[in-house]
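The values are calculated or read from the model by the stated rules, or taken from the named source; none is laboratory data. The structure displayed is predicted, hence computed values, not measured ones. Please note: Cβ atoms are built from the backbone with ideal geometry, for glycine as well, and neighbour counts cover all protein chains shown. Remember, those area values only see protein heavy atoms, side chains included, never the ligands or the DNA or RNA. Shrake-Rupley method; radii C 1.70, N 1.55, O 1.52, S 1.80 Å.
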Amino acid sequence: MYRTNIIGFGLAVGSSAFIGSSFIIKKKGLQRAGASGSRASSGGYGYLLEPLWWIGMVTMIVGEFANFVAYMYAPAVLVTPLGALSIIVSAVLAHFLLKEKLGKLGILGCVLCIVGSTVIVIHAPGEHSISSVEEIWELAIQPAFLLYTASAVAVVLVLVLYCDPRYGQTNILVYIGICSIIGSLTVMSIKAVGIAIKLTLEGYSQVAHFKSWVFVMVAATCIITQLIYLNKALDTFNTAIVSPIYYALFTSLTILASAIMFKDWSGQSASSIVSVLCGFITVLSGTMVLHITRDPEKQQSADYSVLSPQISWLVHANGEIWKQNNDDLLPEYVALIHQDHFK
């Protein structure tokens, strides 16, 4: 294994621990904020005043910084799949802190993630040598990558402008789709910025290059967009569902984008490529096992009145008052007066 890959591996593992913890801390902060004001899933920003949410944000920033540095040393095909370890961390912490149960199959899912990640690390390609931001820019304006970028932006616009208002609260793929597609572009721009910083620290300053700042602006825009829609996904759906689906889509799209832009597979043997793909499929299997073993989060809508099952009903019929206990009502009447039918 290349020395730079070892450094990237260590940073990626540390990053996963911080990011996995941040999911749970932010979730707790969102729950507290939602209990006293408008929820993030409804477009509210009350969580910005919640200290626990900010602790989660700091934890995520530390993890993302470690991940950022990891991209300086190792290819995206190695660093990105190791994000599966953050799923394990979040699943275990959710079991203890959010009471989202992790059963035996959930443990099996964690083991599959670890095994798959190990296979990927062993067979991952080495990082290609890049000597300037100009070289990265040439990679970014390849027709194939420009086509990928245009397609990604078009799909995101459809999800944001059409799907979000209609299906955002019921279909988890809307929010996570936006995060994942934008995330693949985030990784490419962050990797470009990271390489520019690394070259600058080595004595080849890239600060004066306008293209370096273009990558910085693209990265900042993508990160902010990701955070907004990730918050919506976390506040709307169960953490154990958000994490694996987000990981699967984000990792798949990032590997595709990196293969197009940086040509990670160039010079690799067929056996190495197949091994990495098998490792990735193993990790995906682990995330899916984690997904199917967890129950969807039961959320009580604030728009509905909570009624006691023992309540008595007063019904006016033909000018007379009829009083009846809920337990004594026929199924037809219970269906009519069920609490979910009243706002």
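Tabulated results
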read-out: Estimated inter-spin distance, residue 155 and residue 224, nm [label 7 Å along Cα→Cβ]; value: 2.4
read-out: Gain upon complete extension [residue 288, residue 167; 0.36 nm per residue less C-alpha separation]; value: 41.3 nm
read-out: Size-normalised alpha-carbon gyration radius of segment 190-296, reference 2.2 N^0.38 Å; value: 1.38
read-out: Normalised convex hull volume, segment 126-263, alpha-carbon set, Å³ per residue; value: 110
read-out: Fraction of accessible area attributable to carbon and sulfur, segment 177-234 (%, probe 1.4 Å); value: 77
read-out: Theoretical FRET efficiency, 1/(1+(r/R0)^6), r = Cβ-Cβ of residue 65 and residue 271, R0 45 Å, to 0.05; value: 0.85
read-out: Space enclosed by the convex hull of the alpha-carbon atoms of segment 1-159, per residue, Å³; value: 155
read-out: Residue order for 65, 145 - accessible surface, 1.4 angstrom probe, largest first; value: 65, 145
read-out: Environment charge of residue 131, counting only residues whose C-beta is closer than 12 Å and scoring Lys/Arg +1, Asp/Glu -1; value: -3
read-out: Out-of-range pairs (alpha-carbon distance over 20 Å; input 28/101; 26/99; 26/104; 27/101); value: 26/104
